Amino acid sequence: MAKFLHSSKWILFGVLSISVGLYPLLYFVIDRNFGLLSSKTQLLLTDFTWNFAFYGHIILGGIALLIGWMQFHSRLRKNRPRIHRNIGRVYLLAVLISGSCGLYIAQFATGGVSNQIAFSLSALIWLTTSMLAFTAIRNHHIRKHQEWMIYSYAICFSAVTLRIWLPLLIIVFGEFPKAYLIVGWLSWVPNLLVAYFLILRLRRKEQPGMAA
């Protein structure tokens, strides 16, 4: 039963990561005036710099989400280290571009100052944890690398949790603006807390005498 539950959670993790990772494709196959873009002004939607940053953020962020979840598969790390390293390099490049673009578009976030701060912090933490993970593995600190990557992907996964929380909050509050103000923080802060407790659990497992 435990093995089945673990397998089920892994499959769900992958399905959510892939499905939301492919979400940016919608902006190229249907009228983009939907979702969050419907709340933007026409002036912003026609601004070249904002559009460049927006598409850089969602496309490269989608790639990071699509490939990043595979890095947590122990068999891939052990049996295909070269693939693991190559995926890691693509992930870090995607984060660098998407995070930088995300930091820019956060200054125009729907919801005003609260969400500007929320999404700016999210982008900064994503960039910082990813760079710390890169520095750790360059210095051959494998455990530190793994821990920083857990934090990094927790932020990356906020693209998924935002789309889970937002419709639920809209149902609760009956309106998009109030729901989006809350989801600006709720999409990523709990993810970091989950990452923190997951890391604590992994550390306990590695301690002598602790049950696996």
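The values are calculated or read from the model by the stated rules, or taken from the named source; none is laboratory data. Remember, predicted model here, so these are calculated numbers, not experimental data. Backbone-built Cβ (ideal geometry, glycine too); neighbour counts: all protein chains shown. The accessibility values were calculated without ligands, DNA or RNA, using every heavy atom of the protein model including side chains. Shrake-Rupley method; radii C 1.70, N 1.55, O 1.52, S 1.80 Å.
Residues that are among the aromatic types (F, W, Y) and exposed (fewer than 15 other Cβ atoms within 10 Å of the Cβ), at least 2 per element: which helices (runs of 4 or more DSSP H) completely within region 108-212 meet that?
Passing ranges, in order: 189-206.
Considering only region 129-136, I want to know if a residue exists there that is of a type outside the set (S, T, Y) and within 21 Å of G112 (Cβ to Cβ).
no
Please go through (1) open to solvent by 40 Å² or more (accessible area, probe 1.4 Å); (2) modelled with pLDDT under 95; (3) in a helix (DSSP H, G or I) for L76 and return the number of the only condition it doesn't satisfy.
(1)
Scan region 42-49 and tell me whether some residue there is within 26 Å of L166 (Cα to Cα) and open to solvent by less than 30 Å² (accessible area, probe 1.4 Å).
yes
Those residues that are closer than 29 Å to A179 by Cα, under 16 Å from the mean Cα position of the chain (by Cα) and surrounded by 17 or more Cβ atoms within 10 Å (Cβ to Cβ), I need them from region 79-104; list them, please.
Selection gives A94, V95, L96, I97, S98, G99, C101, G102, L103.
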